[in-house]
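Enquirer: One structure, pasted below without further comment.
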């Protein structure tokens with residue numbers, strides 16, 4: 001009898017593993033991809049430098065783990081983005097809402113190109129309008145009016161745009177807009 005009580009209290013074993021989802025995080029250099037992922041992982045915000053190439057971060061949530069491949073946004077790296085799309089289950093596109101008109105147009109073209117790629121075209125995605133705290137930042141509504149997010153007639157499901165102001169709201173958005181749709185796949 002004592003053995004059964006001991007076994008019930010002490011020998012439960014490890015908790016069941018949380019499901020893992022592979023996401024790709026893209027955007028131009030300086031859009032804030034590294035900073036956002038560092039915040040989600042509760043890492044220091046000091047001395048953050050732009051990603052050269054790619055990095056992978058595991059972002060833990062209570063019900064899942066997001067393995068996020070952050071791809072550098074420099075001109076010389078963007079042409080290789082598609083090599084890292086395989087196996088992705090969701091897309092995060094980070095946009096600098098305070099960028100110049102030229103950079104905004106470049107971001108729009110890169111977004112459209114990525115979302116029409118055969119490996120990404122059916123995946124849930126989240127567009128983050130970052131740097132909303134800067135004086136020159138465009139509102140989400142203003143960017144919509146500039147047709148930033150018009151997908152050239154390409155049929156999509158799960159299109160989202162967000163203005164990220166804090167880590168908690170971003171965490172909630174990622175869970176409900178990327179994790180939950182992926183669970184239905």
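Enquirer: Here are some conditions: (1) closer than 29 Å to residue 17 by Cα; (2) touching a residue at least 60 places away in the same chain (Cβ under 8 Å); (3) in contact with a strand residue (DSSP E or B) (Cβ under 6 Å, 6 or more places away or on another chain). Residue 39 meets all but one. Which one does it not meet?
Expert: (3)
Enquirer: Conditions: (1) touching a helix residue (DSSP H, G or I) at 6+ places or on another chain (Cβ under 7 Å); (2) at pLDDT below 85; (3) surrounded by fewer than 19 Cβ atoms within 10 Å (Cβ to Cβ); (4) more than 22 Å from residue 41 (Cβ to Cβ). Residue 148 meets all but one. Number of the miss?
Expert: Condition not satisfied by residue 148: (3).
Enquirer: Is at least one residue of the range 77-96 surrounded by fewer than 18 Cβ atoms within 10 Å (Cβ to Cβ), more than 16 Å from the chain's Cα centre (by Cα), modelled with pLDDT of 90 or more and not in a helix (DSSP H, G or I)?
Expert: Yes, the range 77-96 contains at least one residue that is surrounded by fewer than 18 Cβ atoms within 10 Å (Cβ to Cβ), more than 16 Å from the chain's Cα centre (by Cα), modelled with pLDDT of 90 or more and not in a helix (DSSP H, G or I).
Enquirer: To continue, here is another question. Could you list, in sequence order, all residues of the range 110-143 that are surrounded by fewer than 19 Cβ atoms within 10 Å (Cβ to Cβ) and either in contact with a strand residue (DSSP E or B) (Cβ under 6 Å, 6 or more places away or on another chain) or farther than 28 Å from residue 84 by Cα (or both)?
Expert: 132, 133, 134, 135, 136, 137, 139, 140, 141, 142
Enquirer: Using the structure shown, decide if residue 47 is in contact (Cβ under 8 Å) with a residue 60 or more places away in the chain and either farther than 27 Å from residue 19 by Cα or surrounded by fewer than 16 Cβ atoms within 10 Å (Cβ to Cβ) (or both).
Expert: Spelling it out, it is not the case that residue 47 is in contact (Cβ under 8 Å) with a residue 60 or more places away in the chain and either farther than 27 Å from residue 19 by Cα or surrounded by fewer than 16 Cβ atoms within 10 Å (Cβ to Cβ) (or both).
The values are calculated or read from the model by the stated rules, or taken from the named source; none is laboratory data. What you see is a predicted model; the values in this text were computed from it and never measured. So basically every Cβ, Gly included, is an ideal-geometry build from the backbone, and we count neighbours across all protein chains shown.
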